[in-house]
1. From the helices alone, meaning DSSP H stretches of at least four residues, give me the mean residue ellipticity at 222 nm for chain A, per-run term -39500 (n - 2.57), in deg cm²/dmol to the nearest 500.
2. Equivalent ellipsoid semi-axes for segment A:231-313, as square roots of 5 times the alpha carbon gyration tensor eigenvalues: give them largest first, rounded to whole Å.
3. Amide H to amide H, which residues 5 or more places from residue B:10 or on other chains are under 5 Å from it, using H placed in the peptide plane?
4. Give me the net charge of residue A:161's neighbourhood, meaning all other residues with Cβ under 11 Å from the Cβ of residue A:161; Lys, Arg count +1, Asp, Glu -1.
5. Using the Cα atoms of the protein assembly as shown to build a convex hull, what is its mean projected area in square nanometres?
6. Test of understanding: what is the full-extension gain from residue A:82 to residue A:113, defined as 0.36 nm times their sequence separation minus their Cα-Cα distance?
7. Along the charge dipole of the protein assembly as shown, Cβ charges K/R +1 and D/E -1, which of A:164, A:21, A:282 sits furthest on the positive end?
8. With a 10 Å cut-off between alpha carbons and a GNM built on chain A, which of A:337, A:192, A:164 moves the most?
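The values are calculated or read from the model by the stated rules, or taken from the named source; none is laboratory data. Fair warning: this is a prediction, and the values are worked out from it, not measured in the lab. Virtual Cβ from ideal backbone geometry, glycine too; neighbours counted across all protein chains shown. Accessible surface areas use protein heavy atoms only, side chains included; no ligands, DNA or RNA. Shrake-Rupley method; radii C 1.70, N 1.55, O 1.52, S 1.80 Å.
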Amino acid sequence: MSTTAREHDIIIVGGGISGVALAYGLADRGRQITLLDGPTATDKASRTNVGLIWCQSKFAHLPDYASLAFLSARLFPELSRELSEVSGLEIPVNYRGGLIPCLGEEEYSSRADYIDRLRQVLEEYPGEMISRSQLERKLPAITFGPEVTGAAWCEADGIIDPLALLRAYKVALTRVGVTTLKTLVHQVEPLAGGGYRLHTATGPLECQQLVLAAGLANRRLANFAIPDLPVHADKGQVLLVERLPQVMPIPMLGVTQTFGGTVIIGFRHEYVGHDTQVVPSAVASEGQWAIRVWPALGKRRLIRTWSGLRVMPKDSQAIYSRLPGHPGVTLVNTHSAVTLAAFHTRLLADYLLGGELPELARKMTLNRFGFAS
Amino acid sequence: MSTPLTTTTVRILFEGQELEVPAGISVAAAVAGYAHPGHTCKHPVDGSGRAPFCFMGVCFECLMEINGLPDVQSCLVTVEEGMQVRRQPLPESIKL
Ligand SMILES: Cc1cc2nc3c(=O)[nH]c(=O)nc-3n(C[C@H](O)[C@H](O)[C@H](O)COP(=O)(O)OP(=O)(O)OC[C@H]3O[C@@H](n4cnc5c(N)ncnc54)[C@H](O)[C@@H]3O)c2cc1C
Ligand code: FES
């Protein structure tokens, strides 16, 4: 282990989807960027998610955050094309909208009310409720269960292969001059004369500016400035159904066919700390719901199940913030970092370099939790 | 000098073709090693031919129809005398 610290310009900690998206966005700014990523047992959100680029039907109480997802979705097609070109890798993606199936009249009308509210706060909303027969026309190869009354439809949604996206970013980073080091950061130490020393598994590193994008581990890494970062593990558990012919040209939330033909079932949110156990009764309840939506699934094989910990800020909104007393450290945490990847790449670089946040994200700093910036 | 191996064998049918294979091996090993089938199922999305790959229950590339039951991971089933094994039925015939 070396003991002399190596000097770096900007270090980004975390090579999940947030870290790579931010690093790629910084690459053409003439600065030297180093990305640190070390595998941990539980920080695997970027490797366990569904890959939905999802805008609809959320955050009526946080209109700016709702708008941010729509903005990111609009930036995605050009970004995914560019990443494919730079990395030379294909990224399966479709931008044909998204559907949320409804069971029963009550669920349909409460979903309709929510969308009305969202339309009012956002003024413009590219979606609507559709009837069962309209749903059947959108997904003609699926026979829906008798309880399905219709769906929420939004044309801004989409789905991307999340592992292909992560991989393309990583390969692209090697082509645009970003250095990636595989190492685990244990602790961040602010230095008296400015700058930061990172104590890592492979020795100390020093940098002028630091970006913390390590998902749940941000809590530990930021504790020199904030002892209790308001970010929690939100456990999801999913079932994977065997490969089927492609029958879902438009992704459905909760029961989503992947590009490889498998179907991911899952929608649970649980706050149980860093527990990643798959609980049979929990995944079974998800499977039962999926069969009510799409009965034929009941006859198909389950081939896998897994869990993942979402990175959930306390009020469910993204955090883009300097750390209190540390203008040289920027922290990024969001629970929809796939959806927001295009926003992170295209519109956050100025902020990471010391500038202002984009208008829509101005209220997403740590100030809202009572921390001074 | 080593003692010659005496192997008991069983007979299975793959697509109607009789194979004499060592007892105790998996259906996937029997078909791959003794029938040279090319493929044992087709990828439901792109239609490409697939065959047993990991031989340990992980990849699901070895699905075959065994004794009339489709969708069986053939690497996890041991050969039995008279077993009827077929390629996995084409996914087009599945009603979704
Ligand atoms: C089941 C499930 C389904 C989901 N579906 C969707 C979806 O459809 N759409 C969507 O937008 N979002 C979805 N999400 C959420 C999304 O996956 C997360 O928002 C996103 O992955 C968070 O990425 P991240 O890079 O911020 O954090 P992480 O994925 O946790 O990445 C953090 C990285 O930092 C590394 N790291 C951690 N600690 C250290 C350290 N000390 N030193 C060095 N490296 C470290 C980790 O190894 C990891 O690589 C889903 C999540 C789950 C669990
Ligand atoms: S060969 Fe991989 S699961 Fe059977």
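1. Computed mean residue ellipticity for chain A: -8500 deg cm²/dmol.
2. 24, 13, 11
3. Correct list: B:21, B:23.
4. 0
5. Value for the protein assembly as shown: 28.2 nm².
6. Fully extending the segment from residue A:82 to residue A:113 adds 7.3 nm.
7. Checking the options against the dipole of the protein assembly as shown, the answer is A:21.
8. Judging by the Gaussian network model, the answer is A:192.
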